[in-house]
Amino acid sequence: MIKQISVFLENKSGRLVRIAQVLGEAGINIRGLSIADTSDFGILRMIVDQPDQAIAELKEKGIMATVTEVIAIEVPDTPGGLAKVLAYMNDAGINIEYLYSFIEKPTTNAIIMMRVEKINEALEVLKKQNVPIVGDDRIYSF
């Protein structure tokens, strides 16, 4: 499983740049990110190359951050590639809370980050269906 960092952000100028600066100054590379926002706040979700250090740096600077485990899977980068995997989860009764893609160096497949309700059950379904699960060693080292 992959450690994802989540940060609650006020929807105000300068909040995102501050986080990027803290991580950059600490030599931490952001590998992928997603922001969900409303008019007042947003949630920044990030995959970084050094998640434990990133949490420590953010907290040291007074930025509230949490770690969530997500699954990284590899799907064919073709029409219907993601739909097939989503159907496996649906058929197993596993709700996907959110997902986002992850950019890797050129390849024929796409990497998708998934947060699910039943993570261990989801891993079993994916393994049973031979969906490649991407390990943290690969994600953190791009």
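Nothing in this text is a laboratory measurement; each read-out follows from the coordinates by a stated rule. Just so it is clear, the structure is predicted and the values come from calculations on it, not from any experiment. Glycine gets a Cβ as well: all are built from the backbone with ideal geometry, and neighbour counts include every protein chain shown.
Brief remarks follow.
- In this structure, Ser141 and Asn109 have a Cβ-Cβ separation that, at R0 = 22 Å, corresponds to a calculated FRET efficiency of about 0.85.
- FRET efficiency estimate (nearest 0.05) - Cβ-Cβ, Glu124 to Arg18, R0 30 angstrom: 0.15
- C-alpha center-to-center spacing [the range 1-21, the range 37-96] in angstrom: 13 Å
- When each of the peptides 35-42, 117-124 is scored by how many other beta carbons lie within 10 Å of its residues on average, the order from highest to lowest is 117-124, 35-42.
- Protection-proxy order for peptides 46-57, 90-101, each taking the mean of Cβ atoms within 10 Å per residue, highest first: 46-57, 90-101
- To the nearest ten degrees, helix 81-91 and the longest principal axis of the Cα atoms of the chain are 80 degrees apart.
- Acute angle (nearest 10 degrees) that the helix 51-60 long axis makes with the longest principal axis of the chain, alpha-carbon atoms: 30 degrees
- Per-pair calculated FRET efficiency, R0 = 30 Å: Lys84 and Ile30 via Cβ, rounded to 0.05: 0.55
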